[in-house]
Structures are given as C-alpha cells and as structure tokens.
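> Please see the structure below; I have some questions.
The values are calculated or read from the model by the stated rules, or taken from the named source; none is laboratory data. Only a predicted model underlies this, so the values are computations on that prediction, with no experimental measurement involved. Positions of Cβ are backbone-derived with ideal geometry, glycine not excepted, and every protein chain shown enters the neighbour counts. SASA here: full protein model, heavy atoms, side chains in, ligands and nucleic acids out. Shrake-Rupley method; radii C 1.70, N 1.55, O 1.52, S 1.80 Å.
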Amino acid sequence: MAKPLQRFRLLGIRAQLTLWYTIVFAILILLFGTVFYVNLHMSLVSSFDDALRLRTQQIAAGIAEENGKITISDVTGGLPGIVDGDEVKGAATAGHITPARHRETHPDVVFGALVSITQPLHGASWKGTITARNGQSVRLYSAALIDNGKVFGVAQVGESLASLDTTLHSVLVEFLLIVPFVLLLSAFGSYWLATNAFAPIKRLTRAARRIKDGDLQQRVPVPLAKDEVQSLALTFNEMIERLNKAFMQQRRFAADASHELRTPVAAIRSMTDVVLAQDAAPEEYVTVLREVNNEAERLGHLITDLMALAHADEGLKLFEREPVRLDLLAADVAATTEPLAAERGITLEVDNHEPAIVMGDEARLIQVIMNLLANAITYTNAGGKVKLSVQVKHNGACLTVRDTGIGIAPEHLPHIFERFYRADPARSTGHSGLGLAIVDWVVHAHGGAISVESQVGQGTAFIVALPLADQAHI
C-alpha cells in the first residue's frame, strides 16, 4: 500500500489532480448509474404490476357465480396472449381462475410453478415473481373473485419478465460502453483545466528565474482575479521587495564598513610611514605610538560593534537574564560619562525617582545607556545640558536621555537607527555610526521599545521602555 502511495506522490501536481478528478468522477458515475438502474428496475416492475392489476380487474369483471356455477363472459378478446394451457409463449400474458372450493389445501399450478392462493382467498390481492418450467421469470398478480361479499374464486394474470430483463440488460450494456468514453473525456478535461489553472504559476516561475539572475527590480505579474494565485503573486513581490532592500542595505553596510575599517588602517600606515621615512626623536616615536594605539582602539571598538550586529543578523541573542536595577545602573554609567561631558562644557544631570528592576543583560544595558549618552554629548554644544532619568510607568521601566542639542531634522528621524547613518557627519568624527543601531537591537532583544522626539535647534529625547521583572525573579 505504501509503494503505490509513494509512486502517486512522485507524479506531477497536474497528473495527481487529473487522477483525483477522474477517480471522483468515476465514483459519481457509478453512484448515479446504480441509483438510475435501481429506480428504472423499480419503475418497470411497478408498470408491470399496474398492467397486470388492470388486466386482472378486467377479467374479474366478466366472471360471476350463479347457483354454484361460475360463468365467464368473453372479456379476454382485448387481452393478447391469454390461453387455456399452462405455457407462456414469448412475453405473452396468461390468466387462470381457481374456484374457492379448493381453498383449503389446493396449491394452484400456473406456468409450472406452485403459487399459494391463501392470501387472495382471504380477500387481499397478491403479486410476486415466480420461475416457470422453461426457466423464465414470470410476474403474477392474483385477485379474489367476490360475489355478495363471498369469495368464490381467484383470478391470476401473469406476464413474462423477459422484455423487462432485455430492457435492463440493454441499458446496462449501453451504460458500460459509454462510461469509459466519458471517463476518458473527463480525464482530458481535467488535465486541460489543471494546465490552465497552473498557467499563472508558470508565469511566476519564469519571473522568478529572471530574478534569480540578479535582477531584483523585476516583479511577477499579478492576476486580476482575487484568488490564491493573486495572493501568491503579491506575497512573492513583497518578498522580492524585502530582498531588494536587504541587499541594498547589505551593500551599503559592506561599503560603509570597508570605509570605516580603511580609515584607521590608513591613518596608522600614514603615521608609521612618516616616522620611518625620517630620523625622529624618541618623543616623536612615543607620540606616533600613542596615536597608533588610539586608532587601534577605535578599530577594536568598530570590530566589536560589527560582531554584535552580525550576531543580531543571525538571530543570536547571547544575553544573560538576571534582575538589574536600571536606576542604579544609569547612575553608575552617568558618573563614568560625566568627565567627558564636563570636558566639553556640558552639564549632565541624573533624575531617578524610584527603583526600577528589569530582567536583562547588565553589560548590554550599560552599552545602551553609554551609547545614548555619548550620542547626546556629541550633538550638544558647550553650555548645553543632558538629562538622564529612570521612571516606572505603566508597569514598565522608562529610561529617557534628553539633551538641549542641535536636534534632528524630520527627514532624518526614520533613518537614525540604520547602520552607519549620520544625521550630521561633521559632528560624528571618531564615531562609527553603529551606536544607535546597537541600541535599537539590544532594546528589542530585551522585549522593549525605543522612540525618539526631536526638534531642530531645541534638542532630542530618546525614550527606552523595558518590561519590569516579575516579582518571582527578584
């Protein structure tokens, strides 16, 4: 059983549909033929019974009993095939009369078969099928002969079922001859319908092959009919659009990463080439080595950020899950960053109203706060202010970094979390442009959300919302 099913699955979809349609159609034809044959048989038998009943009534109307004698009027002239013997010639009709005096034990012999007349002798008619001596099936109808409420005999009329059997046999043979041709036509029709139904899929396949060659600007044709094929085409186009955007971002990412990696490497090489090209004092070597160390440190940070985003792209969330006091963590990071803010003449304030405990990776959360503070300090002029606050709102921890810096233009807001994106390249010297992208990844990996509010010339606020830790984990 398993092998036929396995072979069936190896067939093409069109062949499978054609086979299924043909099987279902064959079953329907079989059911229809069976019901039609049974109903036809019942209808023909019913017609036989009605004809026999009318003939019996016609014969019974010409029979009477007077003083113990049965008189028969000549009413059978219009009934073909009525004979006095016990043989049936062809499909002729035959009749027989049984006197009531034989009612006790007399089994009547008609057409060479025994027929009980007990039921007609009690006043009820009887009908049934018997087999004659020559092997033919004969349909009988028996009715009581009644005079003044007294049964004085039984009238029986029979007719051979040969004509009925011939008709049914002819119908069956014709049905069996027609069915194969009908099934063959249905198979061809099913295959044609399946072929037309899969025509849009072929067009989708051809378009996909063109796209496979690298042309992501191609789109598959969308059928007008609102069916599954249209839904597939729309979904396919949406997938291609996402792939196109992903490839463009990947190309831009690769180009930006190459540029960012090339800059410190070029700086290191330039400084070392200058020193090596001439005799220099030891102090100059120390200065160059410090600059090389700074560039190497910058290169290390860049590589670390790139590795973090690579893990994000792969769906890897290598985070620890432990209770973290976000308010205390923010205060510690602010204390670490305050010297940088003071060096640039910027006031850094911390405003923590209440404890806020979240489940997360402390190192990654430090990275979030550090990047947001560094971004705020970078884009705030001397004399400005950066405020860090942590609050508990709506069963969540809300961390806000607000500055009085230059702000972000509305056209830049949708892109600020993209990798290597800089709203003001002149102010981002020394920064990779990956900080906010990493912040966005870490926040979402913790089940949180980040939003930004900004007005040009007035400042910017980054709001991070994180779910609070369950009491069971505290």
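> I'm checking my understanding of the structure. Among residues of segment 141-181 that are of a type in the set (Ser, Thr, Tyr) and open to solvent by 30 Å² or more (accessible area, probe 1.4 Å), which one is farthest from Val38 (Cα to Cα)? Spell out the reasoning first.
Kept after step one, since they are of a type in the set (Ser, Thr, Tyr), are these residues of segment 141-181: 141-142, 160, 163, 166-167, 170.
Narrowing the set further to residues that are open to solvent by 30 Å² or more (accessible area, probe 1.4 Å) leaves 163, 166-167, 170.
Values: Ser163: 17, Thr166: 15, Thr167: 13, Ser170: 14 Å.
The selected residue is Ser163.
> OK, next. Going by the structure shown, is Leu413 closer than 15 Å to Ala465 by Cα and in contact with a strand residue (DSSP E or B) (Cβ under 7 Å, 6 or more places away or on another chain)? Explain how you work it out, then say what you get.
Details: closer than 15 Å to Ala465 by Cα: no; in contact with a strand residue (DSSP E or B) (Cβ under 7 Å, 6 or more places away or on another chain): yes.
No; evaluated as a whole, the condition is false for this residue.
> Run Thr167 past the list (1) within 27 Å of Ile29 (Cα to Cα); (2) of a type in the set (Ser, Thr, Tyr); (3) without any contact (Cβ under 8 Å) to a residue 60 or more places away in the chain and report the number of the one that doesn't hold.
(3)
> Another question about this same structure. Going through segment 205-236 one residue at a time, which ones are assigned to a helix (DSSP H, G or I), surrounded by fewer than 16 Cβ atoms within 10 Å (Cβ to Cβ) and of a type in the set (Gly, Ala, Ser)? Walk me through it before giving the result.
Step one: filter segment 205-236 for residues assigned to a helix (DSSP H, G or I), giving 205-212, 228-236.
Narrowing further to those that are surrounded by fewer than 16 Cβ atoms within 10 Å (Cβ to Cβ): 205-206, 208-210, 212, 228, 230-231, 234-235.
Within segment 205-236, Ala208, Ser231 meet the criteria.
> Further question on the same structure: Going residue by residue through segment 193-204, is there one that turns out to be in a loop (DSSP other than H, G, I, E, B) and either loosely packed, with under 12 Cβ neighbours inside 10 Å or touching a strand residue (DSSP E or B) at 6+ places or on another chain (Cβ under 6 Å) (or both)? Lay out the reasoning, then the answer.
Applying the first criterion (in a loop (DSSP other than H, G, I, E, B)) to segment 193-204 yields 198.
With either loosely packed, with under 12 Cβ neighbours inside 10 Å or touching a strand residue (DSSP E or B) at 6+ places or on another chain (Cβ under 6 Å) (or both) added as a condition, the list becomes none.
Checking segment 193-204: not a single residue is in a loop (DSSP other than H, G, I, E, B) and either loosely packed, with under 12 Cβ neighbours inside 10 Å or touching a strand residue (DSSP E or B) at 6+ places or on another chain (Cβ under 6 Å) (or both).
> If you don't mind, there's one more thing I want to ask. Looking at (1) open to solvent by 60 Å² or more (accessible area, probe 1.4 Å); (2) more than 30 Å from Arg203 (Cα to Cα); (3) at pLDDT 70 or above, can you tell me which one Ala266 breaks?
Unmet for Ala266, out of (1) open to solvent by 60 Å² or more (accessible area, probe 1.4 Å); (2) more than 30 Å from Arg203 (Cα to Cα); (3) at pLDDT 70 or above: (1).
> With the requirement that a residue be in a strand (DSSP E or B) and surrounded by fewer than 21 Cβ atoms within 10 Å (Cβ to Cβ), what does segment 349-375 give you? Let's see the steps before the verdict.
Pass one, segment 349-375, residues in a strand (DSSP E or B): 349-352, 357-360.
Answer for segment 349-375, where residues must be in a strand (DSSP E or B) and surrounded by fewer than 21 Cβ atoms within 10 Å (Cβ to Cβ): Glu349, Val350, Asp351, Asn352, Ile357, Met359.
> Could I ask something else about it? Restricted to segment 433-474, and to residues that are in a helix (DSSP H, G or I) and out of contact with any helix residue (DSSP H, G or I) (no Cβ under 8 Å at 6 or more places or on another chain), which residue is most open to solvent (accessible area, probe 1.4 Å)? Break it down stepwise before answering.
Just the residues of segment 433-474 that are in a helix (DSSP H, G or I), to begin with: 435-445, 471-473.
Now restrict to residues that are out of contact with any helix residue (DSSP H, G or I) (no Cβ under 8 Å at 6 or more places or on another chain): 440, 444, 471-473.
Details: Asp440: 42, His444: 97, Gln471: 148, Ala472: 97, His473: 104 Å².
Among residues in segment 433-474 that are in a helix (DSSP H, G or I) and out of contact with any helix residue (DSSP H, G or I) (no Cβ under 8 Å at 6 or more places or on another chain), the one most open to solvent (accessible area, probe 1.4 Å) is Gln471.
> Would you point out the residue of segment 129-138, among those that are surrounded by fewer than 20 Cβ atoms within 10 Å (Cβ to Cβ) and either touching a Pro at 6+ places or on another chain (Cβ under 9 Å) or not small (Gly, Ala, Ser) (or both), that is nearest to Ser163 (Cα to Cα)? Quick ask: steps written out before the conclusion?
Filtering segment 129-138 down to residues surrounded by fewer than 20 Cβ atoms within 10 Å (Cβ to Cβ) leaves 129-137.
Keeping just the survivors that are either touching a Pro at 6+ places or on another chain (Cβ under 9 Å) or not small (Gly, Ala, Ser) (or both) gives 129-131, 133-134, 136.
Values: Thr129: 14, Ile130: 15, Thr131: 15, Arg133: 18, Asn134: 16, Gln136: 11 Å.
Restricting to residues being surrounded by fewer than 20 Cβ atoms within 10 Å (Cβ to Cβ) and either touching a Pro at 6+ places or on another chain (Cβ under 9 Å) or not small (Gly, Ala, Ser) (or both), the top hit is Gln136.
> State which residue is modelled with the lowest pLDDT when the search covers only segment 51-76 and only residues that are under 18 Å from Gly158 (Cα atoms) and open to solvent by 70 Å² or more (accessible area, probe 1.4 Å). Spell out the reasoning first.
Quick first cut of segment 51-76, residues under 18 Å from Gly158 (Cα atoms) only: 51-63, 75-76.
Filter once more, so that each one left must be open to solvent by 70 Å² or more (accessible area, probe 1.4 Å): 53-54, 57-58, 61.
Values: Arg53: 87, Leu54: 89, Gln57: 84, Gln58: 85, Ala61: 80.
Among those that are under 18 Å from Gly158 (Cα atoms) and open to solvent by 70 Å² or more (accessible area, probe 1.4 Å), it is Ala61.
Per-residue answers, yes or no, for (1) among the aromatic types (Phe, Trp, Tyr); (2) over 30 Å from Arg251 (Cβ atoms); (3) free of Cβ contacts under 8 Å to residues at least 60 places away in the same chain:
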| site | (1), (2), (3) |
| --- | --- |
| Arg344 | no, yes, yes |
| Gly360 | no, yes, no |
| Leu413 | no, no, yes |
| Phe417 | yes, no, yes |
| Tyr421 | yes, no, yes |
| Gly433 | no, no, no |
| Ala449 | no, no, yes |
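> Can you name every residue in segment 198-251 that is under 30 Å from Ala437 (Cα atoms) and of a type in the set (Asp, Glu)?
Those that are under 30 Å from Ala437 (Cα atoms) and of a type in the set (Asp, Glu): Asp215, Glu238, Glu241.
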